[in-house]
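None of the figures in this text is laboratory data; all of them are computed from the coordinates on show. As the structure is a prediction and not an experimental result, all values here were calculated from the model. Glycine gets a Cβ as well: all are built from the backbone with ideal geometry, and neighbour counts include every protein chain shown.
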Amino acid sequence: MKITVVGCTHAGTAAITQMAKLYPEARITVYERNDNISFLSCGIALHVSGVVKDAGQLFYSNPDRLAELGVRTHMKHDALAIDTDAKTVRVRNLETGEEFTDAYDKLVMTTGSWPIIPQMDGIGLENVMLCKNYNHAQAIIEKAKKADRIAVIGAGYIGIELVEAFEQLGKRVTLIDNMERILYKYLDREFTDVTEQTLAERGIAIATGQTVTSFEGRNGRVTRVITTAGEYEADLVVLCIGFRPNTELLAGQVDMLPNGAIVVDEYMRTSKEDVFAAGDSCAVLYNPTGKHAYIPLATNAVRMGTLVAKNLLRPTVKYMGTQGTSGIKIYDYNIASTGMTETAALAAGMNVKNVTITDNYRPEFMPTYEQVLLKVVYEADGRRIVGAQVLSKADLTQAINTLSVCIQNGMTMDELSYVDFFFQPHYNKPWNLLNQAGLQAI
Ligand SMILES: Cc1cc2nc3c(=O)[nH]c(=O)nc-3n(C[C@H](O)[C@H](O)[C@H](O)COP(=O)(O)OP(=O)(O)OC[C@H]3O[C@@H](n4cnc5c(N)ncnc54)[C@H](O)[C@@H]3O)c2cc1C
């Protein structure tokens with residue numbers, strides 16, 4: 001059996017390592033256009049701020065390690081075209097320019113995503129940067145050394161982590177976003193009010209509710225960001241406005257969402273036989289709505305990649321879908337969310353209610369305790385849980401993983417009221433906060 005894998009970061013590496021174990025007789029060939037594999041982008045901001053000193057620690061695999069598993073990994077090889085009828089991949093060796101065609105029995109598409117680049121005046125200016133891979137990380141670190149004013153466009157998780165990193169380096173930082181609040185997709189206003197205040201207290205300028213229209217520069221290098229509401233001096237700009245799937249190679253050959261995300265079934269099969277896909281190149285089943293959505297996360301990528309391997313020969317292990325569960329640390333605050341915010345649920349036309357609790361997370365007789373803000377969103381009819389958010393200086397983010405399981409299993413607020421959780425004064429109160437949320441649902 002000839003297996004060809006295109007793209008080797010998290011989804012690719014997960015699929016390859018599992019396939020090498022499960023099918024030792026298979027000939028596995030990998031084409032990766034980059035010069036490294038398995039880079040953990042989640043470490044970029046930590047590397048920028050100097051918390052992670054050695055970038056080498058941000059990789060967990062390499063071609064030699066895959067070779068030990070018997071895998072042929074071709075670095076700096078770009079897949080140019082795929083013919084899913086003929087079952088062939090056209091490949092270019094980016095070092096020699098040589099082109100060749102390779103045939104496969106099974107194809108694994110793990111080509112991931114690329115940052116969205118808006119077409120506008122000045123986008124090509126020097127020091128307007130992307131933030132996705134190892135090379136971007138190194139370039140941002142180098143350019144930041146000489147930059148004083150830095151503008152980050154996009155107040156999602158990546159943008160927020162970067163503004164904190166730049167502020168810690170002593171830079172003057174502006175965070176620009178077209179939505180009215182930061183982290184709009186992940187958190188409701190009660191939570192973003194706190195986080196915005198935290199950023200503002202550190203001197204980070206927050207410019208929300210405005211869209212970037214162009215960049216101006218001098219001698220080919222960016223100097224200013226122009227938005228619908230103002231102008232901001234900047235000698236370094238980082239674009240973090242989202243991602244689009246890298247799936248042009250399969251356009252017209254497999255089913256996709258309108259944004260090009262490949263639709264796979266619960267066994268990671270595309271609509272074309274023997275073509276599997278995983279990770280940021282794909283849409284995922286979003287359990288809160290039961291529909292496919294584009295939620296590019298490393299967590300989805302490694303799970304889906306592993307499932308490609310398990311299901312390659314026959315449907316064996318089903319993907320359970322996702323809640324898009326995510327977490328972030330902003331200065332002292334530990335924050336996590338799962339499923340839909342109230343804002344998102346209402347925008348989707350759902351009839352939802354919520355329970356929002358502010359409490360101390362453990363008894364006041366303890367020497368210290370911190371306040372926690374918890375919000376659980378549920379359907380008014382049937383009381384099914386569809387989302388939750390938590391914020392505290394204590395790390396209570398695992399509560400959101402618990403609620404992710406609840407959403408996954410279609411649980412209601414009434415069931416949440418009486419789930420068995422432990423009590424111990426070091427950690428919580430006799431009525432667990434999640435039980436409390438269930439009990440307070442009317
Ligand atoms: C700054 C940052 C922070 C993040 N933090 C988190 C986090 O904390 N938690 C989390 O869950 N997720 C996080 N993510 C998201 C996570 O990094 C992605 O979801 C993950 O990288 C997806 O893995 P993937 O393998 O599907 O795709 P990608 O990482 O996009 O990898 C795709 C690979 O395919 C290769 N490729 C593409 N086209 C071709 C071609 N034609 N020929 C050959 N090779 C090709 C690319 O070079 C690349 O190596 C973060 C992302 C960024 C950018």
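Among 299, 325, 110, the largest mean-square fluctuation in a Gaussian network model of the chain (Cα springs under 10 Å) belongs to 299.
In this calculation the C-beta distance from residue 126 to residue 431 is compared with R0 = 56 Å, giving a FRET efficiency of 0.45.
Inter-label distance, residue 415 to residue 440: 2.2 nm, where each label sits 7 Å from its Cα along the C-beta direction. Extension gain for residue 316 to residue 139 (0.36 nm times residue separation, less C-alpha to C-alpha distance): 59.4 nm.
With neighbour counts taken as other beta-carbon atoms within 10 Å, the residues 190, 364 rank, fewest first, as 364, 190.
Here residue 393 is the anchor, and the lysines within straight C-alpha reach of less than 22 Å, apart from those fewer than 8 places off in the same chain, are 185, 329, 375, 429.
Per residue of the chain, the DSSP helices (runs of n ≥ 4 H) give a summed -39500 (n - 2.57) that works out to -7000 deg cm²/dmol at 222 nm.
Taking every DSSP beta bridge that has both ends in the chain, the antiparallel portion is near 65%.
Within the same chain, lysines fewer than 8 places from residue 272 are excluded, and of the rest, those with a Cα less than 30 Å from its Cα are 2, 21, 76, 87, 106, 132, 291, 310, 318.
Between residue 255 and residue 329, the modelled label-to-label distance comes to 4.2 nm, taking each label 7 Å out from Cα in the direction of the beta carbon. Net length available on complete extension from residue 148 to residue 211 is 20.4 nm, with 0.36 nm assigned per residue and the Cα-Cα distance removed. When 194, 48 are sorted by how many other C-beta atoms sit within 10 angstrom of their C-beta, beginning with the fewest, the order is 194, 48. Label sites at residue 60 and residue 365, each approximated as a point 7 angstrom past Cα along Cα to Cβ, lie 4.2 nm apart. Placing a label point 7 Å from the Cα of residue 46 along the Cα-to-Cβ direction, the residues of region 157-172 whose backbone N falls under 19 Å from that point are 157-169. Restriction of the trypsin sites (Lys or Arg not before Pro) in region 355-442 to DSSP coil positions whose beta-carbon has at most 15 other beta-carbons within 10 angstrom yields 393.
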